[in-house]
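This report concerns only the one structure given below.
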Amino acid sequence: MQAIGKVHSPYKEKFAIPRQPGLVSAAKGKIELVGEFNQVELVRDLENYSHIWVVFIFHGTQAQGWKPLVRPPRLGGNKKTGVLATRSTFRPNPIGMSVVKLEGIEHKNKKVYLTISGLDLLDQTPVIDIKPYLPYVDAIADAQAGFAQQAPESKLTISFNENSKQFLAKAQAKFPELSQLIEQVLAQDPRPAYKKSKLDNNAYAMTLYHFNINWQMTSLSSVEVTAITELSTSN
Ligand code: SAM
């Protein structure tokens, strides 16, 4: 097997990536077809599908191997479950699969790009397959889903201090969805699961695109973005 594409994602590090696709709709990215697979023929008619399956390698955690039992964050991080009963990245074969929205297909300068949204993928993720999402077979309304029957509920309210509001106003022209992206990512509460019900005075930082975003909890259920700065490299 070889990679047929690579992901360009606003998520430059593992921390703060949503735990499944579709939870952060403001996250937009691209899949670039690579090598001999960079041919528009491979995606002919794919634009007729609103969603696609992206099959990929968990390249960021691959080197850490796997264990038969893992601790899913949804269970507070303190109950062990069989790895094959979870969507953990630490699997015998480090293969992930995500349904994402297909926003469009671009073919320019001899390069084929699929624009996608709602992704849960780290930047530079190698893609090994893409398939159309077929609701009649892939969506089973009455399926049982163990501890993950529903999407995680978000109970956090997000606010921006004056400085970060000013930063967002300036970035608006080039990154119109940045504030929505930050809000949706923070609403998922990216902190480790064991922190959730405890008062937390830590200062946190995450990277989205080439922005460094600082934030902290102001109560058990509220978050304030305290600073946004630009990192030197842009993407
Ligand atoms: N939807 C996929 C699945 O079910 O196979 C992935 C689910 S996994 C729980 C989602 C997490 O994988 C993200 O929160 C992020 O931390 C991690 N992740 C995403 N891309 C990755 C990559 N290329 N390498 C390692 N970890 C990655």
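Please list, in chain and number order, the residues 5+ apart from Thr218 or on another chain whose amide H is under 5 Å from its amide H, with Hs placed from the backbone.
Excluding prolines and chain starts, which carry no amide H, the hits are Val223, Glu224.
Name the long-range amide H neighbours of Gly96: under 5 Å, sequence gap of 5 or more, or other chain; modelled H, no Pro or chain starts.
For Gly96, the qualifying residues are Phe56, Ile57, Phe58.
Under the rule of at least 5 residues apart or a separate chain, name every residue whose amide H is placed under 5 Å from the amide H of Glu230.
Here the answer is Asn212, since their amide H atoms fall under 5 Å of that of Glu230.
Quick one: putting +1 on the C-beta of Lys and Arg, -1 on the C-beta of Asp and Glu, what dipole do you get for the chain around its Cα centre, in Debye to the nearest 20?
Working: 27 positive and 21 negative charges, 151 e Å.
About 720 debye.
Can you give the local net charge around Met217? Use residues other than it whose beta-carbon is closer than 13 angstrom to its beta-carbon, Lys and Arg +1, Asp and Glu -1. Don't jump to the answer; show the numbers that get you there.
Working: positive: Lys155, Arg191, Lys195, Lys196, Lys198; negative: Asp189, Asp200, Glu224.
Every neighbour counted, the sum reads +2.
Need one number: the % of Cα-Cα pairs in the chain sitting beyond the 29 Å mark.
Values: 9098 of 27495 pairs.
Cα-Cα pairs of the chain separated by over 29 Å account for 33 percent.
Using 0.36 nm times the number of residues separating Lys108 and Gln124, minus their current alpha carbon distance, what extension gain do you get?
On the way: separation 16, 0.36 × 16 = 5.76 nm, distance 1.98 nm.
Contour length minus the Cα-Cα distance gives 3.8 nm.
Once you have the alpha carbon radius of gyration of the stretch 185-235, what is it after dividing by 2.2 N^0.38 Å, with N set to its residue count?
Numbers: Rg = 12.0 Å, N = 51, 2.2 N^0.38 = 9.8 Å.
So the Cα radius of gyration is 1.22 times the expected 2.2 N^0.38 Å.
Rounded to whole Å and ordered largest first, report the semi-axes of the equivalent ellipsoid of the stretch 5-138 derived from its Cα gyration tensor (root of 5λ).
Details: eigenvalues 155, 48, 39 Å².
In descending order the semi-axes read 28, 15, 14 Å.
Given the protein chains as shown and a 1.4 Å probe, how many square angstrom of Ser219 are accessible, to the nearest 10?
Near enough 40 Å² of accessible area.
Roughly what would the spin-label model give for Ala169 and Ser232, points 7 Å off Cα along C-beta, in nm?
Distance between label points: 3.0 nm.
Between the DSSP loop rule and a limit of at most 14 other Cβ atoms within 10 Å, which GluC sites (Glu not before Pro) in the stretch 63-158 are left? Kindly include the intermediate steps, with their values, before the conclusion.
Details: sites: Glu103, Glu106, Glu153; in loops: Glu153.
Passing both the DSSP loop test and the Cβ count: Glu153.
Can you work out ³J(HN,Hα) from phi for every residue in the stretch 199-208, in order, using Karplus 6.51 cos²θ - 1.76 cosθ + 1.60 and θ = phi - 60°, giving whole Hz and x for Gly and Pro?
Once rounded to whole Hz, the list reads 5, 9, 9, 5, 9, 10, 9, 9, 10, 10.
What does the accessible area per residue of the stretch 5-138 come to in Å², with a 1.4 Å probe and no ligands, DNA or RNA counted? Don't skip to the end; give the middle numbers.
Numbers: 7190 Å² over 134 residues.
I get 54 Å² per residue for this part.
Each residue of the stretch 44-49 in turn: what ³J(HN,Hα) in whole Hz from Karplus with 6.51, -1.76, 1.60 and θ = phi - 60°, glycine and Pro shown as x?
4, 6, 5, 5, 7, 10
State the percentage of accessible surface on the chain attributable to carbon and sulfur atoms; use a 1.4 Å probe and exclude ligands, DNA and RNA. Show your work: numbers first, answer last.
Numbers: 7020 of 13480 Å².
C and S atoms contribute 52 percent here.
Counting heavy atoms of the protein chains only and a 1.4 Å probe, report the per residue accessible area for the stretch 157-230 as a whole number of Å².
Numbers: 3860 Å² over 74 residues.
Each residue of the stretch 157-230 exposes 52 Å² on average to a 1.4 Å probe.
Please work out the Cα center distance from the stretch 128-178 to the stretch 199-232, rounded to the nearest Å.
18 Å
Could the peptides 185-196, 17-28, 77-88 be put in order, highest first, of the mean number of other beta-carbon atoms found within 10 Å of their residues? Mind showing how you got there, number by number?
Details: 185-196: 17.2, 17-28: 19.7, 77-88: 14.0.
The densest-packed peptide leads the list: 17-28, 185-196, 77-88.
Just to check I understand the Karplus step: with θ = phi - 60° and J = 6.51 cos²θ - 1.76 cosθ + 1.60, what whole-Hz values come out for the stretch 138-153, glycine and proline as x?
Per residue, the Karplus-derived 3J(HN,Hα) values read 8, 10, 10, 4, 9, 5, 8, 10, x, 7, 10, 4, 10, 4, x, 7 Hz.
The values are calculated or read from the model by the stated rules, or taken from the named source; none is laboratory data. Please read these numbers as outputs of a predicted model, since none were measured by experiment. Virtual Cβ from ideal backbone geometry, glycine too; neighbours counted across all protein chains shown. With ligands, DNA and RNA removed, areas are computed over all heavy atoms of the protein, side chains included. Shrake-Rupley method; radii C 1.70, N 1.55, O 1.52, S 1.80 Å.
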